[in-house]
């Protein structure tokens, strides 16, 4: 069995990465997310290590200090931590599962360092005008805040040469965008590093 | 407009590369073959530089000597030359067309040298047994000739590490195989070298 492949989908705020990755995972059961860790209470439908890894606030914060997370954040709604532990991604890959990580740009660069074989896909809005209008659409109309978001987006977009692929998320075409990313996933699976065993087993 | 991308589909005899590339070009009009050169007489439906480049035997043989062909052969049926001139591929690429070249393994290695950005895809039968039976199926039952073909196939398969992708042509699944190659084509179009202009035109 081959190693799983890690796909990192990233992009500036307003690129729609969350929506696209959700559509992709819904359409294709052969790609999934890694299991996250959280401090929230388990529910009846939860299963440790399947829906989430559950832990205490203290333990989570210790893991943050130890650099065990590829990314983490506190969810506004319930003030609980959610994060992607490195060990969880490693476990999925060693089980041969192809994993998608949807993550902001700085986090993506960090993942690339820790997983050199990861495939990095940058998602962008179709153009600068649409990016600006999507940033404006996010609640606040504070011009200073919007200018700051734009500055962040500029810096993030400037990192595109460190990515392997760039995909445009056109207006109203989430499924098409997800399918294009799925093409990249299908293609990467055919790379020689993963298909080498086919030839090795040819036995001529 | 971006440069076209050159895809080289290759593989040992019995890999089914001709059938698969035909199915691919039939299903997807956004990938095509380059215009070949031939010594056969033009027919009423032919158009110079569109269906073929037509030339004389002398000129064709001069071009062979000058190394102007990426590959060429003499077709048994009419004893005429057919070849892929380098200039024809260059023309298509400069017009932004994505081109597929279906070519035997040594020719593919030569193309990779002349077009370093070419994407090389090796097509194989599912396993050694099926390769052997496909080689046997090709007319002659001369055991010596079959052994020779097998030796050639072995040497060709051994070159797989020089390829970018490996795709298995499963029995009776030509269309699926063509679609998998089309995924590779779609993916390669999203590579940063080709999508860079999107970011350059962002104008934030």
Work out how far the C-alpha atoms of the protein assembly as shown reach from end to end along every principal axis, then list the three figures in whole Å, largest first. 79, 49, 30
Hey, any idea what the orientation-averaged projected area of the convex hull of region B:105-156's Cα atoms comes to, in nm²? 4.2 nm²
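Note down the relative contact order for region A:34-97 as a percent, whole number, built from C-alpha pairs under 8 angstrom at least six residues apart. Before the final figure, lay out the partial values.
Values: 83 pairs, mean separation 24.4, N = 64.
Relative contact order for region A:34-97 comes out at 38 percent.
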Assume the label is 7 Å from Cα along Cα to beta carbon: what separations in nm does residue A:33 have to the matching positions in the other copies? 4.7
Distance between region A:103-133 and region B:56-92 - C-alpha centres, whole angstrom: 45 Å
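Report the FRET efficiency, 1/(1 + (r/R0)^6), for residue B:27 and residue A:174, where r is their Cβ-Cβ distance and R0 is 25 Å, rounded to 0.05.
The value I calculate is 0.55.
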Quick one: with label points 7 Å out along Cα→Cβ, list the inter-copy distances for residue B:116 in nm, shortest first? 2.1
Given the options B:168, B:21, B:31, state which has the largest fluctuation in a GNM of chain B using a 10 Å cut-off (strictly under) for Cα springs. B:168
Can you give the log10 of the normalised intensity I(q)/I(0) at q = 0.09, 0.17 Å⁻¹, computed with Debye over equal Cα scatterers of chain B? -0.39, -1.27
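Could you tell me what percent of the DSSP beta bridges with both partners in the protein assembly as shown are antiparallel, to the nearest 5?
On the way: 18 of 54 bridges.
Close to 35 percent.
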Per-copy distances of the residue B:200 label point, shortest first, in nm (7 angstrom along Cα→Cβ): 4.2
Most fluctuating of B:63, B:134, B:43 in the GNM of chain B (C-alpha, under 10 Å) is B:43
Whole-number percent relative contact order across region B:1-111, with pairs defined as alpha carbons under 8 Å at least 6 apart: 44 percent
Could you pull the Rg and Dmax for region B:1-54, using just the Cα atoms, both in Å? 13.9, 38
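When only C-alpha pairs under 8 Å and at least 6 residues apart count, what is the relative contact order of chain A, in percent? If you can, show how the numbers build up before the last one.
Numbers: 295 pairs, mean separation 65.2, N = 204.
For chain A, the relative contact order is 32 percent.
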Theoretical ellipticity at 222 nm over the protein assembly as shown - DSSP helices of four or more residues, -39500 (n - 2.57) apiece, nearest 500: -13000 deg cm²/dmol
Considering region A:83-201, what Rg and Dmax in Å follow from its alpha-carbon atoms? 17.3, 62
Per-bin percent of Cα-Cα distances, region A:34-97 [5 Å]: 4, 19, 29, 25, 16, 6, 1
Note the full-extension length gain between residue A:203 and residue A:51 as 0.36 nm times their separation in residues minus their Cα-Cα distance, in nm to one decimal. 50.5 nm
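Coordinate-derived values only; no laboratory data. Remember, it's a predicted structure, so these values are computed and weren't measured experimentally. Because the Cβ atoms are built from the backbone with ideal geometry, glycine has one as well, and the counts that use them run over all protein chains shown.
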